[in-house]
Each structure stands twice: as C-alpha cells, then as structure tokens.
Amino acid sequence: MKREIRPFSATCVAALLLGSGLSSQAQWQTQSLVIKPGWTAVYLHVDTSYQTLDQLVGSDASNPIAEVWLWQPAPSTLQFVTSPQNPVFANTQWANWARLGLGINSTFNSLVPNAAYLIHSIAATNYTWVLKGKPVAPNYSWTSTGLNFLDFPTPPINPPAFDSFLSLAPALQSTAEIYQYGGGNLSSTNPARLFAYHTTPVTRGQAYWIRAGTLFNSYFGPFQVILSGASGVDFGDVVSQISLHLRNVTGANVTVGMRLLPSESPPGGQTPIAGVPPLLVRGALNTSNLTYSFSYLGVGGSQTFTLSPQGQSGSDIVVVLGLNRSAITSSPGSLLAGILQFTDGFNFSELDVPVSALAASTAGLWVGNASVTQVGNYLKIYQTDTNNQPVISTNGNYVVTGINTNLGAVAQSFPLRLILHNDGINTFLLQRVFFGMGASSNLVIATTENALDPAQLGNARRITATHLPWSAANNPWPFSGPFIQGGTLSTTALVAYDDQASNPFLHTYHPDHDNLDVTFHTELPQGSESYQVTRKISLVISSAGNDFASLTSAGQTVSGNYLETITLAGLGGASRNFNVAGVFALNRISTVSTLTKQ
C-alpha cells in the first residue's frame with residue numbers, strides 16, 4: 001500500500017535553496033563525515049553555503065566524491081513511497097550535483113543544513129569529509145504516512161545504540177523500521193533494514209530511512225530546544241534578552257546541561273570573530289526590589305536544568321538568556337559568536353545552537369528626562385560677638401565669615417527634557433529634533449522640519465526641550481567626554497544677555513525689562529536689566545547595576561546623576577553661580593546615526 005510522504009523541513013529547505021536566510025555573520029564548527037566506498041547516507045548539521053560544491057569538492061583533486069544527492073520532497077505535491085528510494089533523475093524528490101566530466105547536469109550547487117544526502121565516492125577506502133560551516137539549530141519534521149530520511153543528533157563520541165536510544169520512546173521502538181546504507185553499490189539489500197538494531201550505534205551525521213506505521217513521532221532525543229528564530233540565539237546589536245524553551249518529550253525525568261563553547265576560526269574571507277558573547281542566565285525574582293538574580297555563563301561554564309516527565313508541571317521550562325552588554329569592550333560592529341551546547345544526562349543527544357551578537361555603539365537618538373531634586377543654597381554666615389550679636393564693620397555692614405552653598409533638597413522635583421544624538425563618535429545636546437520619514441522614504445533625524453517628507457508629516461514627531469534656549473538655527477551643543485557607562489558628558493549652553501527669544505530676564509514689550517534705555521533706542525549694557533546666563537550641564541552616567549536588567553540593557557537605556565551650574569554675569573563681569581542636581585534617564589528611540597542639518 002502506498003503511503004503519502006510529506007516534505008521533510010520543506011520550508012527550511014526551500015528557503016535555503018533560494019539563498020540562505022541565515023545571517024552571514026555567524027560562528028563556525030567542523031562536522032566530519034565518514035564517506036564509505038560507493039554510497040553513503042549523511043545528514044548535515046552545519047551550513048556550508050558560503051562555498052559551492054564545485055569549491056568544496058570539485059576543486060579538490062584528492063576528494064573522491066563524484067556525486068551528491070539531496071533528499072528534497074516537493075512541498076507542493078503529494079509524494080508516495082513504500083521503500084527506501086535510490087537517487088534517480090526521474091524522481092523529483094532528489095536534487096543532484098556531479099563533478100564536471102561525468103555527463104550529469106547538476107540541479108543544485110550548495111549544501112544546505114538540516115538535510116539528508118546520498119554521497120557517491122569512487123575511492124576504494126573510507127574518506128573523511130571535513131566540512132567547516134555555521135552550526136544550525138536542529139529542525140526535524142516527521143511524516144506518519146511514509147518513510148523519513150534523517151538522523152538523530154547524538155553525541156559524536158560514544159553514541160548510544162539504537163536499542164538504548166529508543167528505550168525512552170517505546171512506541172517508536174516497537175514499530176520502527178530502520179534502513180541503513182552500508183556502502184558499495186545500491187541494490188535491493190543496500191539500504192538494508194536493521195532487524196537486530198540493538199547494538200547498532202546511532203551515529204551522528206549518518207542518515208537513516210525510518211518508518212513507524214501510523215505513529216506520529218516527535219522523539220529525536222529526550223528533549224527539545226524550542227527557539228524563537230531559525231538563526232539560533234542572535235542578539236544582533238540591539239537585543240539584550242532572548243528566551244528559549246527546554247521541553248521533555250519522554251516519560252522520564254531528564255537532566256539537561258547547557259554550556260557555552262567558543263567558535264572555531266572563520267574561513268578566509270568571512271567576518272572575523274572578536275570573542276564569545278558574555279552571557280547571563282536569569283534567575284529568580286527578588287520581590288523586595290523587583291530585580292532578577294542571575295548567573296554568569298562563561299566559556300566552558302555550564303548550567304543544569306531538570307525537566308519533569310512529559311505532560312507534568314516542569315516538563316517545559318523557559319530559560320532567559322541575557323547579553324551582558326556592559327562587559328563588551330570590542331569596537332562597535334564587532335562580531336561576538338559562540339555555540340550553546342545542550343546535552344542530556346543519558347548521553348543520548350547533543351544539540352548545538354549558535355549564539356551571536358554585535359558590539360553595539362551608542363549611535364542614534366536618545367530621549368529622556370532629568371529630575372532636579374536639589375538646589376544649591378546661598379546662605380551668608382555672619383560673625384557674632386560674645387553676646388551672639390552680629391558684628392558690624394567700620395563701613396556699617398555685617399561681617400560675613402562664610403557662605404553656605406551646599407545642595408539642599410527641594411520640596412518638589414522639577415522635570416527637564418533631555419534630547420541627545422550620537423553619531424557613533426560625538427554626542428550632542430539638542431533643543432528640538434524632528435523625527436520621521438524623509439523624501440527617500442528613509443527614517444530621518446533632523447534639526448529642521450524641512451528635511452522631512454511633507455506628505456508624511458502626520459506620522460512624524462517633533463520633540464522639544466523647552467528649558468533650553470531656542471534659536472532659529474537650532475544648532476546642537478557638543479558634549480565632551482565618552483558616552484559610555486561610567487563616563488561623564490559635559491556641555492555648556494550660553495544665553496546672551498540680549499537674547500530676546502530665550503533670556504528669561506527680558507520681556508520685549510516691558511519698558512523695565514526690554515534692555516533699552518528710556519528712549520527705546522540705545523541698548524543697555526549687560527547687567528543693567530538682564531544677565532548673561534551660562535548653563536554648564538553634566539550627565540554622569542552610572543555604571544551597570546549588579547542585576548540582570550541593568551547588565552543587559554546597556555545598549556538601550558542609560559541613567560545617572562544630573563549636575564548643572566548656572567552662572568549669571570552682570571555689570572563689570574560680576575557673576576554668581578547657582579548649582580542644581582538630580583538624576584536622569586535616557587532611552588534610545590532610534591539607531592539612525594546621522595543628524596541632518598538644513
């Protein structure tokens with residue numbers, strides 16, 4: 001009776017054949033495959049699509065591989081199979097590659113991961129095919145109406161025998177028909193069914209034909225790692241936390257170990273790797289301060305999780321991984337990559353999940369607020385006599401012995417809007433900024449509205465810091481100092497004494513505060529009716545706190561202490577300083593590094 005076979009990982013294979021959707025920046029791992037004389041069935045766990053088969057095989061005269069056949073059930077048609085198939089041109093379930101000179105037209109030219117292949121070797125002895133590629137998270141699909149061509153992700157060293165491996169899936173163990181290629185020519189006995197498979201090792205990277213009647217199988221090992229994306233754990237340059245599920249698919253307790261391994265060196269021409277991502281594993285919530293505990297997952301370090309039997313509470317747990325961005329010292333854009341390796345206490349499975357991140361810069365638009373909570377006193381201290389009476393000098397004034405300028409708490413905090421832009425190197429303070437789509441349908445951060453697309457102003461935003469001096473040019477104030485955790489940014493905003501638009505001491509239409517004489521023609525000197533205001537603003541950025549959220553959010557939020565010295569300058573250059581202090585917090589709302597000025 002013919003049975004329907006549904007496509008093995010159809011979407012994954014189709015996407016990869018059209019051009020891998022995996023990131024071009026990744027970690028690297030070597031998979032070694034033993035190719036027997038004649039035909040060998042293999043399964044690929046790494047992505048080698050950065051090279052073609054012509055480069056991998058055809059250009060190597062010592063490589064004895066003559067043909068490579070990819071098992072590729074068509075996703076849009078029904079395929080029927082009752083026995084293990086041999087690769088033939090008329091069978092559309094196979095794609096093929098062959099060396100030049102064999103008279104065979106190739107239908108694909110790059111290996112794809114999570115796929116099974118038949119390899120034809122013309123050598124007289126075993127050949128070890130060493131492939132360096134990007135490890136991919138396992139992706140299996142099972143049909144209950146036909147044969148499956150796949151492997152099991154067992155450990156490469158000391159793999160279990162089939163009888164032991166399948167003992168945790170008794171329904172599969174009792175019904176499975178397993179076929180294995182033994183090398184040599186294809187025939188009615190090659191592939192051969194494994195009748196007494198209890199001693200046959202489940203070799204990683206070796207593909208088997210498997211059928212289990214009408215049983216739908218989800219067992220490819222005692223546990224599954226459920227990821228949110230096909231590219232593994234990829235933090236990119238903005239993400240700080242990623243969660244994954246560990247799921248028990250057996251009726252027994254399963255202990256899962258997770259450890260972080262470094263990537264191998266990239267092949268020539270590929271993106272260099274600056275190091276391994278500094279990972280944190282989130283722990284329990286501290287209800288007293290609402291912060292999460294954490295543990296470091298360093299290179300070679302491990303974490304252990306115990307999963308309850310399938311269907312019970314604790315059989316599916318969420319693991320939250322954080323990227324400790326505060327510990328990244330590589331230059332912005334540098335690639336950090338490694339491998340998260342998951343194993344079980346039975347030594348039945350080894351799942352390699354890629355983990356990567358990009359060292360982020362502080363480039364972009366940052367918006368937040370400062371909260372002024374303290375102001376400086378200006379309290380004179382007078383000399384007193386033995387009777388505690390003030391002492392009067394010869395000129396008739398009280399004798400001042402000191403001035404108290406210490407900061408004191410305010411009755412109510414005062415908010416100040418902060419707008420910062422960083423271009424990747426320099427940081428600027430802005431009085432206002434315009435954020436929206438430009439004429440080329442790209443996001444624009446600008447100092448004037450003219451840079452925005454007039455047809456899309458309804459979706460644009462203007463953000464304003466009303467406490468800073470307004471000017472038509474809207475020139476930003478440059479900060480000195482590094483925009484990093486533990487750094488200090490400082491700038492000075494000057495308000496001229498005759499600035500009718502921004503000086504708070506001027507009232508243009510009030511004769512006593514217009515900075516003009518009684519004839520309204522001559523401008524009075526500084527200090528007569530108005531003062532020059534100099535505002536020295538400093539943002540002291542805090543180092544990361546010792547909690548999970550603080551350590552992982554460095555790329556998107558910063559906070560710290562706000563300090564400002566306000567200097568009023570009057571007649572003859574006389575001046576007085578007033579200090580205020582508080583706290584601030586900024587959030588990055590855009591990573592656009594260019595500030596358009598028009």
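Please treat every number below as a calculation from the coordinates, not as lab data. Since the structure is predicted, the reported quantities are computational estimates derived from the model, not experimental observations. Here the Cβ positions follow ideal geometry from the backbone for every residue, glycine too, while neighbour counts run over all protein chains shown.
Ordering ARG576, ARG325 from the fewest to the most neighbouring beta carbons within 10 Å gives ARG576, ARG325. Ratio of Rg to Rh for region 333-476: 1.33 [Cα atoms; Kirkwood radius as inverse mean 1/r over pairs]. Expressed in units of 2.2 N^0.38 Å, where N is the residue count, the Cα radius of gyration of region 223-358 is 1.11. Applying 1/(1 + (r/R0)^6) with R0 = 45 Å to the Cβ-Cβ distance of ASN459 and THR304, what FRET efficiency is obtained, to the nearest 0.05? The formula returns an efficiency of 0.35 here. Alpha-carbon geometry of the chain: the Rg and the Dmax are 35.0, 123 Å, given in that order. Its Cα centre serving as origin, the chain has a Cβ charge dipole (Lys and Arg +1, Asp and Glu -1) of approximately 1180 debye.
Extension gain, ILE226 to TRP470: 0.36 nm times the residue separation minus the Cα-Cα distance gives 82.5 nm.
Ordering ASN515, VAL353, ILE403 by the projection of their Cα atoms onto the charge dipole of the chain, which places +1 on the Cβ of Lys and Arg and -1 on the Cβ of Asp and Glu, puts VAL353 at the extreme positive end. Give me the Kirkwood hydrodynamic radius of region 401-458, using the inverse of the mean 1/r over all pairs of distinct Cα atoms, in Å to one decimal. After inverting the mean inverse Cα-Cα distance, the result is 15.1 Å. For region 353-455, the list of trypsin sites (Lys or Arg not before Pro) that fall in a loop by DSSP and count at most 13 other C-beta atoms within 10 angstrom is empty.
Helix-only arithmetic for the chain: the sum of -39500 (n - 2.57) across DSSP H runs with n ≥ 4, divided by the residue total, places the mean residue ellipticity at 222 nm at -1000 deg cm²/dmol.
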